[in-house]
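The values are calculated or read from the model by the stated rules, or taken from the named source; none is laboratory data. Please read all numbers here as calculations on a predicted model, not as lab measurements. Glycine also receives a Cβ, built like all others from the backbone with ideal geometry; neighbour counts cover every protein chain displayed.
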Amino acid sequence: MNPAIVTTLPPKTRHKFFSPARVSAIACNTLLELVRLKVFYFLLLFALLIIGCSGFTSIFDFQFQEQFQILKDVSLGSMSIFTLMLSILATAMMLPKDIEDRTLYTILAKPVPRFEYIMGKLLGVFSLLLISTLVMSAMFVIALYAKQQIVINNTLHQGAGIPPDQVKAMIEGVKSQTFTVSLIPCLITIYLKSVLFAALTMLISTFATSSIFTIFIAFTVYFIGSIEGLAREYWYSTPNGSETAKILMGLVALFFPDLQLFNLVDDIVAGNTIAMGLFVKTAGLGVVYTFVYSFVSYVVFAFKEL
């Protein structure tokens, strides 16, 4: 980070206990740094993947419902994986890089509290994830409507001699498979999960010794969060299950998010409507974990010797 952005702030702003201007300056500079690292190559990979998936479904003789299901499954699953990897890799590099370049010492030597530094860094990553999610969502929607147009054209071509009412019903059926309102909660939960892991990765990096260690622990937590729901269900449903194991599973559920709650892709692909109560619960859980991880990151960083 260029420390000049702090010194360019007005004197009164620099000496405030909390300054949104300082936080926004750090966040903007963090976003620019991440863009320079060419992290948006993830978007290129995502675009190539959904184009390849769309072409794959056209080669084989799938029903149009199956074509849309495969496209949604691959696109939403890929978006979830790419945003997760982006959040972990981008966040894991920030603090060690600033320490190595000694930029961190220059910033903290100014009247910049440590919580402003952590907040600005996280907001920069959150902005990057938001931009990435919006761009991938736009690619996904474009791919859906491109597939819709192809299927409609094929339907009209094959529907020669079929009564117009049946052709119209077939076209309406194709359109109903394209974009549904339930896709919006799914896209939001994908973003919230990536934000949650960005905050978690920042927490790990405050006491980790290297970026590699941070990345390893973050992916380990992802693995734990992916299976903890199944493990908890197994232990709680086993009559002879150890009480110690059940207590341990409860503690794991307290400190690590149950990522199965964020997995709405299967329901979306199956055509199920996401209940508003489930979405609010999932979104609230993501916000709470993000806030807690961010706050603990500041507490650990505040007492960290630099």
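Here is a yes/no grid of residues against (1) assigned to a loop (DSSP other than H, G, I, E, B); (2) within 30 Å of THR214 (Cα to Cα); (3) charged (D, E, K, R); (4) in contact with a strand residue (DSSP E or B) (Cβ under 6 Å, 6 or more places away or on another chain):
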| position | (1), (2), (3), (4) |
| --- | --- |
| LEU128 | no, yes, no, no |
| ILE131 | no, yes, no, no |
| LYS147 | no, no, yes, no |
| ASN154 | no, no, no, no |
| ASP165 | no, no, yes, no |
| LYS168 | no, no, yes, no |
| VAL181 | yes, no, no, no |
| LEU187 | no, yes, no, no |
| TYR191 | no, yes, no, no |
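Within the bounds of the range 136-152, is there any residue that is more than 23 Å from the chain's Cα centre (by Cα) and among the polar types (S, T, N, Q)? Yes, the conditions are met somewhere in the range 136-152. Residues that are closer than 30 Å to ALA92 by Cα and touching a residue at least 40 places away in the same chain (Cβ under 8 Å) within the range 132-159 comprise SER132, THR133, VAL135, MET136, SER137, MET139, PHE140, listed in sequence order.
Of the residues making up the range 13-54, those that are charged (D, E, K, R), part of a helix (DSSP H, G or I) and at pLDDT 70 or above number 3. Residues in the range 253-292 that are modelled with pLDDT under 80 and of a type in the set (Val, Ile, Thr): VAL265, ILE268, VAL269, THR273, ILE274. When TYR145 is tested against (1) in contact with a helix residue (DSSP H, G or I) (Cβ under 6 Å, 6 or more places away or on another chain); (2) at pLDDT 80 or above, exactly one condition is not met: (1).
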